[in-house]
Amino acid sequence: MIDISEIGKHIEDSHVFQLPMGNDIDVREVFHTPWLTKFMVLEVMTAVLMIVIFVPLAWRIAKGGPPKGRFWNLFEVMLVFIRDEVARPAIGRRDADRFLPFIWTMFFFVLFCNLLGMIPWAGSPTGALAVTGALAAITFCTVLVSGMVRFGIVGYWAGLVPPMELPMALAVVLKPMILAIEVLGLVIKHGVLAVRLLANMFAGHLVLAVLMGFVAATAESVFVLWLGVTIASVCGAAVLDLLELFVAFLQAYIFTFLSALFIGMAVHQH
């Protein structure tokens, strides 16, 4: 039998990179830091990778020269797509450019974290609630701050309640209730933002782990059975890997689009 709980340990966050043949790497011993985990290391790797890629690209653009080459054009196309098809339609052309650094950073951070999960024995930081929750919390704070900067502290919170012509006795009861519902809705929307990304990334890696677990589960069985299961599992994992690659981009896009949409709703009330 395949122990799902045991398989889950191989794709969740831990202090150890589990490599083949028992050659595990404990990041606490490598960096002499007792609280460090492998997802923290991967997140730092993601940040460094973004700096290595986008700082030179920004220098090239700032100098007025086009980013020549397939590699640079690839990232420029992605940046332009996020600007023209995500940020500006969701936030508005006049306000979108102010939020582009945040939107771009979110998209590529989520994307690179997702793609790291495609590397064997690495892991996807976006498969942990602590990571997706922190990203959603940052978006939540950005939404609140941008709304309060635009309308003022009182104006923003008052603007959550749609204008209604009500008798005073009824308004005193209904408007606080509507405000409470709107605030709860804000919290829920950003909570779902975290859970959606977590569920999609964790579930995909869990299915991959289960498929490959069938190989180990039949290792002591008849050779013909083991061979058939191995071929089927490897082929299924290869196909699922292609799907996971698509999901890595899709979930980064969805997270970014919803973040931009929430910001747009904050700076353009009703």
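The values are calculated or read from the model by the stated rules, or taken from the named source; none is laboratory data. What you are looking at is a predicted structure, and each value in this text was computed from that prediction instead of being measured. Heads up, the Cβs are rebuilt from the backbone with ideal geometry, glycines too, and the neighbour counts pull from every protein chain shown.
Tabulated results
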| quantity | calculated |
| --- | --- |
| Which numbered condition Gly191 fails, given (1) loosely packed, with under 14 Cβ neighbours inside 10 Å; (2) free of Cβ contacts under 8 Å to residues at least 60 places away in the same chain | (1) |
| Output for the stretch 222-238, where each listed residue is of a type in the set (Val, Ile, Thr) and more than 24 Å from His205 (Cβ to Cβ) | Val222, Val224 |
| Out of Gly127, Gly92, Gly133, Gly147, sole residue that is touching a Gly at 6+ places or on another chain (Cβ under 7 Å) and either buried (at least 21 other Cβ atoms within 10 Å of the Cβ) or under 17 Å from Phe202 (Cβ atoms) (or both) | Gly127 |
| Those residues of the stretch 207-252 which are touching a His at 6+ places or on another chain (Cβ under 8 Å) and either surrounded by fewer than 16 Cβ atoms within 10 Å (Cβ to Cβ) or aliphatic (A, V, I, L, M) (or both), in sequence order | Ala209 |
| Selected residue [surrounded by fewer than 20 Cβ atoms within 10 Å (Cβ to Cβ) and touching a helix residue (DSSP H, G or I) at 6+ places or on another chain (Cβ under 9 Å)] from Leu111, Leu100 | Leu100 |
| Complete set of residues in the stretch 207-255 that are without any contact (Cβ under 8 Å) to a residue 40 or more places away in the chain and β-branched (Val, Ile, Thr) | Val207, Val215, Thr218, Val222, Val224, Val229, Thr230, Ile231, Val234, Val239 |
| Helices (runs of 4 or more DSSP H) wholly inside the stretch 23-111 containing at least 1 residues that are within 24 Å of Phe257 (Cβ to Cβ) and in contact (Cβ under 8 Å) with a residue 24 or more places away in the chain | 38-62, 70-82, 88-91 |
| Test: residue in the stretch 212-222 that is modelled with pLDDT of 80 or more, of a type outside the set (A, V, I, L, M, F, W, C) and in a helix (DSSP H, G or I) | no |
| Meets criteria (under 19 Å from Ile82 (Cα atoms) and either at pLDDT 80 or above or assigned to a helix (DSSP H, G or I) (or both)) for Phe257 | yes |
| Members of the stretch 150-162 found to be surrounded by 14 or more Cβ atoms within 10 Å (Cβ to Cβ) and either assigned to a loop (DSSP other than H, G, I, E, B) or under 23 Å from the mean Cα position of the chain (by Cα) (or both), listed by number | Leu160, Val161 |
| Failed item, numbered, when Trp121 is tested on (1) touching a residue at least 12 places away in the same chain (Cβ under 8 Å); (2) closer than 28 Å to Ala203 by Cα; (3) in a helix (DSSP H, G or I) | (3) |
| Verdict on Ala180 being farther than 20 Å from Met265 by Cα and either touching a residue at least 12 places away in the same chain (Cβ under 8 Å) or in a helix (DSSP H, G or I) (or both) | no |
